[in-house]
Every structure is written in C-alpha cells, then in structure tokens.
1. Give me the pairs, please: first residue somewhere in segment 13-40 and more than 15 Å from Leu65 (Cβ to Cβ), second residue anywhere and part of a helix (DSSP H, G or I) and of a type outside the set (A, V, I, L, M, F, W, C), beta-carbon distance under 7 Å, and either six or more positions apart or on two chains.
2. Restricting to segment 28-52, count the residues that are in a helix (DSSP H, G or I) and modelled with pLDDT of 95 or more.
3. For segment 91-105, enumerate the residues that are within 16 Å of the chain's Cα centre (by Cα) and surrounded by fewer than 17 Cβ atoms within 10 Å (Cβ to Cβ).
4. Kindly check whether there is at least one residue in segment 52-64 that is more than 27 Å from Ile164 (Cα to Cα) and among the acidic types (Asp, Glu).
5. Restricting to segment 58-94, and then to whatever is aliphatic (A, V, I, L, M) and part of a helix (DSSP H, G or I), can you tell me which residue is nearest to Ile112 (Cα to Cα)?
6. Taking Arg7 and the conditions (1) touching a Gly at 6+ places or on another chain (Cβ under 7 Å); (2) farther than 17 Å from Leu125 by Cα, which numbered condition does it fall short on, given that it satisfies the others?
7. Suppose we keep only residues that are closer than 24 Å to Tyr141 by Cα and among the hydroxyl-bearing types (Ser, Thr, Tyr) within segment 14-62. Which one would you say is farthest from the chain's Cα centre (by Cα)?
8. Kindly indicate the residue of segment 1-39 that is surrounded by 12 or more Cβ atoms within 10 Å (Cβ to Cβ) and among the acidic types (Asp, Glu) and also nearest to Pro107 (Cα to Cα) among those meeting that condition.
Amino acid sequence: MRKKEARKLFMEKRDAVTDSEQLKWDDLILIQFQSIEVPFISNVLSFYSIPEKKEVSTFAITEYLRFRNPSLEVAYPRMDIPHTRMDAVVSHADEAFADNEFGITEPIGNEIIDPADIELVLVPLLAVDRRGHRVGYGKGYYDRFLASCDPHCLKIGLSYFEPIDALEDAAAYDIPLDLCITPQQVYVF
C-alpha cells in the first residue's frame, strides 16, 4: 500500500471510531505501554491529541511516566511553519497552550529542549507498517525532528489499528519507529 492510500484509509477508519471505543482503546494502550521496560529518562516529547481527528490520547501515558519520574521534563511540539520544522517546548503544569493555524494545540512557552537531549518520543501516526515506517499527515515535521534526535532515542508510535504489511513508498528520509503500541499488543521493529 502506498502512503496516500494508507492516509485516506486510516483517516476513514479513525472517523468510524466511536467515543466509547476510543476511551477503551486509550486505556488498553496505556496498559500495553506499562508492559514495556522504559529506561529511566529525563526528557520526553509527547503530543497533544487532536480530538476531532480521534488521535490516541497521550495524557495518561505522560502522567504514568511522571509518576515513575517526578523530575521528568515533558515537552510538546511547536511547529515553525515558515521553516517547516518543529521544536520541543517544555510544558509545566501552569503552561498555556494555543491552537496554531492547522488547529494543532501547542505550548506557548519558551523553554526548548535540544532534540539531541530527548530520550523518548511519542509519535502520532495514521498508519504503520511491519518495518516501523509510519504515515503521518504528510508534512514531514516528525521525520525532520526525529532525524536530529540522538540515535538511541526511543521512538514509540501509538495507534488504534494494527500495522499493514508494507508501505511501498517509504523513503530513505523516513525515520522508522522502534515500537508501536496498539490496544492489542506492542510491536517491536
């Protein structure tokens, strides 16, 4: 399957997810996440789920990580749209968020973490294949960001759906995931 086909198919599949399914699947993804051995980390890049796009909620996962390490720095992406890149902006409990021009909720703070210092990234996706190649929304922000992360950074995708066999048009610049967590299991690539 090609990325464009996968993007369309999985957007349709997400649109069909009911609210009760989404709540149940978010809980199951948290349980699956808790089953993996995450090393002690200081910095994580999460993402603020877009409810209208029925993205996997990351809040329970980041709270679980904070429970395990109260000094954990949690950052969220902020897009630099003119330069087609994103920054990891630290979010403290009292930090404000605002929607950007694409409707993505971003932190408005100024404390940026160098991508090389991020140890774990929770990666949004529409689809993933059995080699860890993902389909996002097609702008390449995450691939550019992940390319600047430390090679040992753990890249974890979150999906309501199981992987497809292969993305035929995965490119050399596509950064594969290390793991993908679904409600049913954890996939290791």
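1. From segment 13-40, the pairs are Arg14/Lys53.
2. Residues meeting the conditions: 7.
3. Result: Thr105, single match.
4. Yes, because at least one residue in segment 52-64 is more than 27 Å from Ile164 (Cα to Cα) and among the acidic types (Asp, Glu).
5. Selected residue: Ile81.
6. Arg7 satisfies every listed condition except (2).
7. Ser42
8. Residue satisfying both the conditions and the ranking: Asp26.
The values are calculated or read from the model by the stated rules, or taken from the named source; none is laboratory data. Since the structure is predicted, the reported quantities are computational estimates derived from the model, not experimental observations. We place every Cβ from the backbone using ideal geometry, glycine too, and count neighbours over all the protein chains shown.
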